[in-house]
Amino acid sequence: MKILVVGLGYVGITTALYFADKGYEVLCLDKDNDKIKKIQNGESPIYEPCVEELIKKNKTNIITNISKKEAYHQADVIFITVGTPQDEKGNANLSFIYDVIKDVIEFVNKDCTIVIKSTVPVGTCDNIEKIIKTNLNRNINIDIVSNPEFLAQGNAINDTFNPSRIIIGTENDRSKNVMSELYKGTNSEKVFMDRRSSELVKYASNCFLALKLSYINEIANISELLGVNIENVVKGMSYDSRIGKEFLKCGVGFGGSCFPKDTNALINISKNVGYNSELLNSIITSNEKQRLILLNKAKKIFESFKNKKIAILGLAFKPNTDDIRESPALKNIKYLVDEEANIYAYDPKAMENCKKIYPNLNYCINIEDAIKDADLCMIFTEWNEIKKFQCNKYKELMKNPIVLDGRNCYDVAEMERIGIRYDSIGRKRN
Ligand code: UDX
């Protein structure tokens, strides 16, 4: 079986590497020529551990110098892994998916299976099937399968090679057999179901995790007002296996390419069938508020931010990625820029991406450079480098040693002992 992967973002590149590593010949298409060139040079087109090594290891199985027409002609299985970004109404924008379907209709000339890995609203696979049936005039069978992806950035290779589960939504035995063959030998459980259920599994899973985060953020805010330490509360809760230990780290709200987009999309999917989910709506409102929590703490300290030197540590939406999509730091920076603050930003990996949106911030070479003479320091991402930073340097280098920590990187008592005005999330101050 020859595999074609269309769209080489986080999902596409890791899918291509998974199957190439299993010995399949994998054809790759992406309209961004820079990505193709990088792969050809043995480099990773995304910032992600292990990707480069796997590209080098599997270079004979990863085929990138192929025309669109030839790729669609040769493919037995086509994985669609293009982005489905949020449109202005909060729906998933499916235009990239439908562009690929146009190419399928134009070029595919033998039986094949199309696997939708991109996150798409319930009913999208059915719709794709209809469009193909209506527009394709050749006598061939094209099956559509839903196979959502659950990888988290920073752990993409491990999540793809050892997924928590493989969800497969099919409507006939032919495509079910193809998917069984593709994923044979995996240690992960293969869970077969109908396509619509499979499409909803992805949204229901991501929104549940977003809900869990918003819940613990709310409990943290309450803890803070009660003079209780959230870390003790989470520890005490986590002994209940129904609650678990994971995904209970409070902070400045969630960001990234999935949770905000998928929660909004599920709200709209529900509305389209006449259901207004108060709970899903409240995830968004709670998270919007949480993402501005440091700014609101800062407003209690400073009457105005005009000409204040503010150090921003961490721009990425989480550590070990250069991705700034929906990053809490950027939401706060927007406000501070409008207020004419002087921002000195540092992030180990995400500064180049941030420069594309805010070219005029002062980008610093390290943490010291950012905090020197600062009136205030705000921490948005728990990079190891920030967590391991010697705290007495805040006291030595800043004009006013005030640190607002949105990721609970430091010990409260230690910061207070050094003489830093330190405020974090959900933790008791002395
Ligand atoms: C997420 C899901 O984990 C993945 O399964 C899905 O397919 C895509 O969305 P990702 O966005 O890469 O992956 O990152 P994740 O590590 O899940 O973090 C999401 C956000 O939640 C980040 O902003 C992170 O800082 C925040 N988070 C996560 C917390 O605030 N506390 C936690 O305990 C965990």
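The values are calculated or read from the model by the stated rules, or taken from the named source; none is laboratory data. Worth saying up front: this structure is predicted, and the values here are computed from it rather than measured. Counting neighbours? That spans all protein chains shown, and the Cβs are built from the backbone with ideal geometry, glycine included. Ligands, DNA and RNA are stripped out before the accessible areas are found, and what is left, the full protein with its side chains, is counted by its heavy atoms. Shrake-Rupley method; radii C 1.70, N 1.55, O 1.52, S 1.80 Å.
Since C364 meets every condition but one in (1) buried (at least 17 other Cβ atoms within 10 Å of the Cβ); (2) farther than 21 Å from Y394 by Cα; (3) more than 22 Å from the chain's Cα centre (by Cα); (4) not charged (D, E, K, R), which condition does it not meet? With respect to (1) buried (at least 17 other Cβ atoms within 10 Å of the Cβ); (2) farther than 21 Å from Y394 by Cα; (3) more than 22 Å from the chain's Cα centre (by Cα); (4) not charged (D, E, K, R), C364 is out only on (2).
Criterion first (under 20 Å from F317 (Cα atoms), within 14 Å of the ligand (Cβ to nearest atom) and modelled with pLDDT of 95 or more) does I166 satisfy it?
Details: under 20 Å from F317 (Cα atoms): no; within 14 Å of the ligand (Cβ to nearest atom): yes; modelled with pLDDT of 95 or more: yes.
Taking the combined requirement at face value, the residue does not satisfy it.
Consider the range 233-256 and keep the residues that are within 14 Å of the ligand (Cβ to nearest atom) and of a type in the set (K, R). The one that is most open to solvent (accessible area, probe 1.4 Å) is K245. Return a yes/no flag: does the range 54-67 have any residue that is buried (at least 19 other Cβ atoms within 10 Å of the Cβ) and in contact with a Gly (Cβ under 8 Å, 6 or more places away or on another chain). Taking every residue of the range 54-67 in turn, at least one turns out to be buried (at least 19 other Cβ atoms within 10 Å of the Cβ) and in contact with a Gly (Cβ under 8 Å, 6 or more places away or on another chain). For I343, are the conditions met, namely being away from the ligand (no atom under 16 Å from the Cβ) and crowded, with 19+ Cβ neighbours inside 10 Å? Answer is yes for this residue.
From the list K110, K133, K89, exactly one residue is surrounded by fewer than 15 Cβ atoms within 10 Å (Cβ to Cβ), away from the ligand (no atom under 16 Å from the Cβ) and under 28 Å from the mean Cα position of the chain (by Cα). Which is it? Before you say what the answer is, go through the steps one by one.
On the way: K110 fails: under 28 Å from the mean Cα position of the chain (by Cα); K133 fails: under 28 Å from the mean Cα position of the chain (by Cα).
Exactly one of K110, K133, K89 is surrounded by fewer than 15 Cβ atoms within 10 Å (Cβ to Cβ), away from the ligand (no atom under 16 Å from the Cβ) and under 28 Å from the mean Cα position of the chain (by Cα), namely K89.
Evaluate the following for N332: is it within 18 Å of G255 (Cα to Cα) and either open to solvent by 40 Å² or more (accessible area, probe 1.4 Å) or not in a strand (DSSP E or B) (or both)?
Numbers: within 18 Å of G255 (Cα to Cα): yes; either open to solvent by 40 Å² or more (accessible area, probe 1.4 Å) or not in a strand (DSSP E or B) (or both): yes.
Here the answer is yes, as N332 does meet what is asked.
Here the range 194-221 is the region considered, the condition is being more than 16 Å from the ligand (Cβ to nearest atom) and open to solvent by 50 Å² or more (accessible area, probe 1.4 Å), and the residue that is farthest from S118 (Cα to Cα) is D194. Scanning the range 257-269 for residues that are open to solvent by less than 20 Å² (accessible area, probe 1.4 Å) and more than 16 Å from the ligand (Cβ to nearest atom) returns a single hit, I267.
Among the residues of the range 147-190, those that are open to solvent by less than 50 Å² (accessible area, probe 1.4 Å), closer than 15 Å to V115 by Cβ and not in a loop (DSSP other than H, G, I, E, B) comprise T160, I166, I167, I168, G169, S175, V178, M179, S180, L182. Taken over the range 270-316, the residue count meeting the criterion of being assigned to a loop (DSSP other than H, G, I, E, B), open to solvent by less than 50 Å² (accessible area, probe 1.4 Å) and over 28 Å from Y394 (Cβ atoms) is 1.
Return yes when Y410 is away from the ligand (no atom under 16 Å from the Cβ), without any contact (Cβ under 8 Å) to a residue 24 or more places away in the chain and buried (at least 20 other Cβ atoms within 10 Å of the Cβ) and no when it is not. So Y410 passes the test. Checking each residue in the range 9-44 for being of a type in the set (G, A, S), open to solvent by 10 Å² or more (accessible area, probe 1.4 Å) and farther than 10 Å from I55 by Cβ picks out G9, G23.
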